[in-house]
There are 2 protein chains.
Amino acid sequence: MVNPVLVEVTRGQRIESRHRGMIAVVDESGSLVWSAGETDALVFPRSACKAIQALPFVESGAADTYGFGDREIALSAASHSGEDAHIALAGQMLARAGRSVEDLECGAHWSTDSKVLIHQARAREAPDALCNNCSGKHAGFVCTCTHQGIGLKGYSGYDHPLQQQIRDAMENVTGAVVGHDVCGTDGCSIPTYAVPLKALAHGFAKMATGTGLEPVRAKAAQRILSACMAEPFYVSGTGRACNTLMSAVPGRVFAKTGAEGVFCAAIPELGLGIALKCEDGTTRAAEAMVSAVLSRLMHADPGASDALAGLAHQTMKNWNGMEVGVIRAVLPN
Amino acid sequence: MVNPVLVEVTRGQRIESRHRGMIAVVDESGSLVWSAGETDALVFPRSACKAIQALPFVESGAADTYGFGDREIALSAASHSGEDAHIALAGQMLARAGRSVEDLECGAHWSTDSKVLIHQARAREAPDALCNNCSGKHAGFVCTCTHQGIGLKGYSGYDHPLQQQIRDAMENVTGAVVGHDVCGTDGCSIPTYAVPLKALAHGFAKMATGTGLEPVRAKAAQRILSACMAEPFYVSGTGRACNTLMSAVPGRVFAKTGAEGVFCAAIPELGLGIALKCEDGTTRAAEAMVSAVLSRLMHADPGASDALAGLAHQTMKNWNGMEVGVIRAVLPN
């Protein structure tokens, strides 16, 4: 099956580039209620499943023990931009557990957001691991291990007890079996497991509704999604898509980006989970796709639907501020 | 027609993302000698045709009048990274014509190369138009107008005499008719014209061989391509694909990237022109595609072919330096 074109990029009156992809919308019972493209395809969720990876952090009691609220929980499920507030909060989380940046295994990188990078370049000689977009997730990992008395060193490795807990959560939430055969290494060095796209969507329907999850897990899932919706800046950053999307319909939509064109989302009030991937891995297309599908699913509320539709159609300007084209989602009916 | 997958991006043992595209290889007579995908498709060449856009600069005598050599001519056909040497040389070109940064109409932007951006952010408050990746091309435009006594203001506009000269050169070299119906606005605000991919490839075969061009144009074309091959840093920048490709087979291959996944290239010794586009506009894929097709075309010289093949297969490392996957071209036979 050839995945359909879901996003067009125009210049002048012509289409300049096209993005193909697949989208699965699944309800809490696991039924596919809308789709485009090959939804059985195995997809690495990458950072789009950070809310699932954060389950042990909340379920274990670590988040409570260290007195964390919405911001810290949102940051534990974030791909943040490395803004000062993100870096400071990740450092504070580690300090609560008596840990420091030295304990992080995610590696260091400069911000990939150019405005933030300019600020970082002027403020510091080099980035440290707190600047890593995954530092909040890793701070959560460190807190989870410390709280449980699990040896910290090597916490990012496949065989470490923390990664086993995360693997169990992934299998339980998505219903997919994951192991070495579907395992890759993520940017921050932890395992990432390829799962069928529709299983991932089902997982987020379960996260949003609690259906099919044990009470402790259902409660943790709801708390994580609520924290992200309440503090979208801490899930992403200034002007970023996850922040903009969740701010457009406050408290009603969860959305999280992942590398290589992945997005996971949920609409709790409709009991729906969404997972999508742009075949070619391009973020601009995944952002347009998720905005468009969320807009369509919220059609019963024209205000919310229109706000989301606006994000699915972005004007592109050149260095002189002239409008040169658009990025637009073109979903099938 | 659905364009074929030409580049795969892997993670662990799995393919994570796929890029489709089209490639045309055309000889000096205009015959398509190898292709993949839809080569009749109209494609905006964007910056990949800067060598054609630089023809009036050399043909008019401007480059000679101001005493420019390979570096300045290479910069006039460049998408540079905004490194200090690029910025300085663009400024020197303008000064030779009694002009300055104030005359540039390309707009200003920070470098899109993160290493260069870090340096720029520490060295200056804000970017000026000399930092624009097109500042060398625009400096060439300013010199061309000044030398010819053409009013400078508005030189980036469709109806300005300079853009008419460039349009004439595009039509003559590619054999395509270009006008408002295929016109878009480029990042640096000048018109860009969509032409059939195979016409673009034929244009670069003509540029490389002179076949079918008037003597003055043939000489100018050869001078521009030779200058780019001699000074590949000034066509692009440190570690950039055009620089790496042209440095891998010194003096034997011309290659120039364009936005939205375009690449144009030529192999003068074989009389071949190449034009390609990644359907989804992704640079990493266009770079793998051009490296692979150049490698294949140079199969008679295993040393050169192998050097280019290595660039068509790039290892990806994560923030800890771990190998996580590859970007690899997968051209059909």
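The values are calculated or read from the model by the stated rules, or taken from the named source; none is laboratory data. Everything numeric here is computed off the predicted structure, so don't read it as measured data. All Cβ positions, glycine included, derive from the backbone under ideal geometry; neighbour counts span all protein chains shown. Side chains are part of the model used for accessible areas, which takes the heavy atoms of the whole protein and leaves out ligands, DNA and RNA. Shrake-Rupley method; radii C 1.70, N 1.55, O 1.52, S 1.80 Å.
Rank B:TYR155, B:TYR66, B:TYR193 by mean-square fluctuation in a GNM of chain B with C-alpha springs under 10 angstrom and give only the top-ranked residue.
Of B:TYR155, B:TYR66, B:TYR193, the Gaussian network model singles out B:TYR66 as fluctuating most.
Compute the accessible area per residue over chain B, keeping the other protein chains in place, probe 1.4 Å, unit Å².
Values: 11520 Å² over 333 residues.
On a per-residue basis, 35 Å².
Which percent of the accessible area of chain B is formed by carbon and sulfur heavy atoms (probe 1.4 angstrom)?
On the way: 5600 of 11520 Å².
Reported share for carbon and sulfur atoms: 49 percent.
Cα axis of helix B:215-230 to longest principal axis of chain B: angle in degrees, 0 to 90, nearest 10?
Once rounded, one gets 60 degrees.
List the residues of the stretch A:237-268 whose accessible area drops by at least 40 Å² when all protein chains are present, compared with their chain alone, using a 1.4 Å probe and counting only protein heavy atoms.
A:GLU260
Using a 1.4 Å probe on the heavy atoms of the protein chains only, list every residue of the stretch A:288-333 that has 10 Å² or more less accessible area in the complete assembly than in its chain alone.
A:ASN318, A:TRP319, A:ASN320, A:MET322, A:VAL324
Once the other residues with Cβ under 12 Å from the Cβ of A:GLY154 are scored (Lys, Arg +1; Asp, Glu -1), what is the net sum? Before the final figure, lay out each step's value.
Numbers: positive: A:LYS153; negative: A:ASP103, A:GLU105, A:ASP159.
Charge balance in the 12 Å sphere: -2.
Taking accessible area as the heavy-atom solvent-accessible surface of the protein chains with a 1.4 Å probe, which residues of the stretch A:12-31 lose no less than 30 Å² upon going from the isolated chain to the full protein assembly?
Those are A:ARG14, A:GLU16, A:SER17, A:ARG18, A:ARG20, which lose 30 Å² or more relative to the chain on its own.
Cα centroid distance between the stretch A:1-46 and the stretch B:9-71, in Å?
One Cα centre to the other: 30 Å.
Which of the aspartates and glutamates could a cross-linker span from B:LYS256 if the Cα-Cα distance has to be under 14 Å and same-chain partners fewer than 8 positions apart are dropped?
Hits, sequence-local ones excluded: B:GLU231, B:GLU287.
Check each of the trypsin sites (Lys or Arg not before Pro) in the stretch A:142-205 and keep only those in coil by DSSP with at most 13 other C-beta atoms within 10 angstrom; list them in order. Spell out each step's value before the answer.
Numbers: sites: A:LYS153, A:ARG167, A:LYS198; in loops: A:LYS153.
Here the sparse-neighbourhood loop sites are A:LYS153.
Take the alpha-carbon centre of the stretch A:146-172, take the same for the stretch B:228-244, and report the distance between them in whole Å.
46 Å
Which of the lysines could a cross-linker bridge to B:LYS115, judged by Cα under 19 Å and excluding same-chain residues fewer than eight apart?
A:LYS115, B:LYS317
For chain A, report the convex hull volume of the alpha-carbon atoms normalised per residue, in Å³, without decimals.
Working: hull volume 42.2 nm³, N = 333.
Each residue corresponds to 127 Å³ of Cα convex hull volume.
In Å², nearest 100, what accessible area do chains B and A bury in total when the solvent probe is 1.4 Å? Present the calculation step by step, with values, prior to reporting the outcome.
Details: alone 13520 and 13520 Å², together 23040 Å².
Answer for the B-A pair: about 4000 Å² buried.
Compute the FRET efficiency between A:LYS219 and B:ASN333 as 1/(1 + (r/R0)^6), taking r as their Cβ-Cβ distance and R0 = 56 Å, and round to the nearest 0.05.
Numbers: r = 57 Å, r/R0 = 1.01.
Efficiency, rounded to the nearest 0.05: 0.50.
Quick one: helix A:135-148 against the long Cα principal axis of chain A, what's the angle to the nearest 10°, folded into 0 to 90?
The angle comes out at about 40 degrees.
So which GluC sites (Glu not before Pro) in the stretch B:84-160 pass both tests, a DSSP loop state and at most 14 other Cβ atoms within 10 Å of the Cβ? Could the numbers behind the result be given before it?
Working: sites: B:GLU102, B:GLU105, B:GLU125; in loops: B:GLU105, B:GLU125.
In loop regions of the stretch B:84-160 (DSSP not H, G, I, E or B), the sparsely surrounded GluC sites (Glu not before Pro) are B:GLU125.
Go through the cysteines of chain B and tell me which have no other cysteine Cβ under 4.7 Å away.
By the Cβ distance rule, which asks for a partner under 4.7 Å, the isolated cysteines are B:CYS49, B:CYS131, B:CYS143, B:CYS145, B:CYS183, B:CYS228, B:CYS242, B:CYS264, B:CYS278.
Testing the spin-label approximation: label points 7 Å from Cα along Cα→Cβ at A:SER100 and A:ARG14. State their distance in nm.
Taking the simple label geometry, A:SER100 and A:ARG14 are separated by 5.9 nm.
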